[in-house]
Amino acid sequence: MKQVRVSSGTQAVLGMELMFMDAPPTTAYLQIYSTEHCHANCLFCSQARDSHGELKHIARGQYLPADLNEVVRRLGIAFKKNYLHRACIQTAMYPDMWGDTVYLVRRIKNESDIPISVSVFPLDDAKFHILEELGVDHLVIPLDAATPELFHQIKGAGAQGPFSWDSHMDGLIRAASEFPHTGTHIIIGMGETDQDVIELIDRLYKKGIHSALFAYTPLPGTRWTGRKPDIRHYRRVQLAAYLIRKDIVHSKYMKFENGTVTHFGLAGPELEAVIQKGEAFLTTGCLHCNRPYATETHDMVYNFPLLPDRSEIALIKQQLGIHYEL
């Protein structure tokens, strides 16, 4: 294994690419290098087995091949200089995935003490234990879909894929017993309701599993034809997820009508204070993950890589469409 795929923003932080960035990534985003498409077949993914998309794409991000030795060397320097605080390794399903993943983790850990997250499909307990012993402290198993039915359609047998909702949930629960931090990814805009996502986030949170939110991004060559999610839907889910994550309000105290959250379980002034703080609308993920422009453009920001300013908070309130009794 001589190469690794590196996001363009990460390459800029590592000094391997020239790029103007108003919000540099604080995590190094890497992907195991392979020249073949993933053996999984998720409908939305550019790298899926039956996709005609480019291997370099993960959502809007471009992950370009780079020399492994140079990336590892520069990663150690960037961590020492406090430019980067974590390395996030994305995997794919192909025959050499496990050996390549272990090799990359070892190479990084031999060079520096940077914390490492690995995003992977469910593995057996022995492999989870090996990753934990190697120094991986965050383990992510993406659900992507918010309901078993959507999962079946998008990632499972309905998409001619190898995954099942039950095996992913089992993997998450097993991983949570091994790793200090276990998380999942949920893509908003796949046909779910507010209630679907919010209640799932709450159930997972009670099991010690953190949910990171992504906005669905249409990519050329993929088999899923859809549009970017309604920003109102995204903002409502973001706000509810924050309230759950901070133990302020849980889903059973919220109100829903036809799947849409109509009351967040807080009085107007309390909810106003949460929104004004702005934290609810930051990128979610592992510690130090800000993922700038992974699913965003300058015209439409779903996840803010930095705390939103006053004008951005005003826009967020419009997008939420909430009327306060202040």
Checking HIS168 against (1) open to solvent by 30 Å² or more (accessible area, probe 1.4 Å); (2) out of contact with any strand residue (DSSP E or B) (no Cβ under 7 Å at 6 or more places or on another chain); (3) more than 23 Å from PRO292 (Cβ to Cβ), the condition it does not meet: (1)
Qualifying residue in segment 210-219 (condition: farther than 23 Å from ALA87 by Cβ, in a loop (DSSP other than H, G, I, E, B), of a type in the set (Ser, Thr, Tyr) and open to solvent by less than 10 Å² (accessible area, probe 1.4 Å)): yes
Failed item, numbered, when MET19 is tested on (1) open to solvent by 30 Å² or more (accessible area, probe 1.4 Å); (2) assigned to a helix (DSSP H, G or I); (3) more than 21 Å from LEU134 (Cα to Cα): (2)
The listed residue being part of a loop (DSSP other than H, G, I, E, B) and open to solvent by 50 Å² or more (accessible area, probe 1.4 Å), out of ASN82, ASN41, ASN69: ASN82
Residue in segment 301-324 that is modelled with pLDDT under 95, open to solvent by less than 60 Å² (accessible area, probe 1.4 Å) and either within 16 Å of ALA23 (Cβ to Cβ) or of a type in the set (Phe, Trp, Tyr) (or both) present: yes
Every pair of residues 6+ apart whose Cβ atoms lie under 6 Å, when the first sits in segment 165-192 and is among the acidic types (Asp, Glu) while the second is surrounded by fewer than 18 Cβ atoms within 10 Å (Cβ to Cβ): GLU178/GLU132
Test: LYS246 is closer than 21 Å to HIS138 by Cβ, open to solvent by 70 Å² or more (accessible area, probe 1.4 Å) and basic (Lys, Arg): yes
Residues satisfying the stated conditions in segment 211-233, i.e. modelled with pLDDT under 90 and among the aromatic types (Phe, Trp, Tyr): TRP224
The listed residue being open to solvent by 60 Å² or more (accessible area, probe 1.4 Å), free of Cβ contacts under 8 Å to residues at least 24 places away in the same chain and not β-branched (Val, Ile, Thr), out of ASP124, ASP50, ASP113: ASP124
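Mind counting the residues in segment 244-261 that are in a helix (DSSP H, G or I) and in contact with a His (Cβ under 8 Å, 6 or more places away or on another chain)?
Residues meeting the conditions: 2.
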Positions within segment 98-110 being surrounded by 16 or more Cβ atoms within 10 Å (Cβ to Cβ) and either touching a Cys at 6+ places or on another chain (Cβ under 9 Å) or hydroxyl-bearing (Ser, Thr, Tyr) (or both), in sequence order: THR101
Filter result (in a helix (DSSP H, G or I) and among the acidic types (Asp, Glu)) within segment 104-132: GLU111, ASP125, GLU132
Failed item in (1) open to solvent by 50 Å² or more (accessible area, probe 1.4 Å); (2) within 21 Å of ALA59 (Cβ to Cβ); (3) among the polar types (S, T, N, Q); (4) at pLDDT 95 or above, with GLN276 passing the rest: (2)
Positions within segment 220-243 being among the charged types (D, E, K, R) and either in a loop (DSSP other than H, G, I, E, B) or without any contact (Cβ under 8 Å) to a residue 24 or more places away in the chain (or both), in sequence order: ARG223, ARG227, LYS228, ASP230
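The values are calculated or read from the model by the stated rules, or taken from the named source; none is laboratory data. This is a predicted model, so every value here is computed, not measured. Cβ: placed from backbone, ideal geometry, glycine included. Neighbour counts: every protein chain shown. In case anyone asks, the SASA skips ligands and DNA or RNA and just uses the protein heavy atoms, side chains included. Shrake-Rupley method; radii C 1.70, N 1.55, O 1.52, S 1.80 Å.
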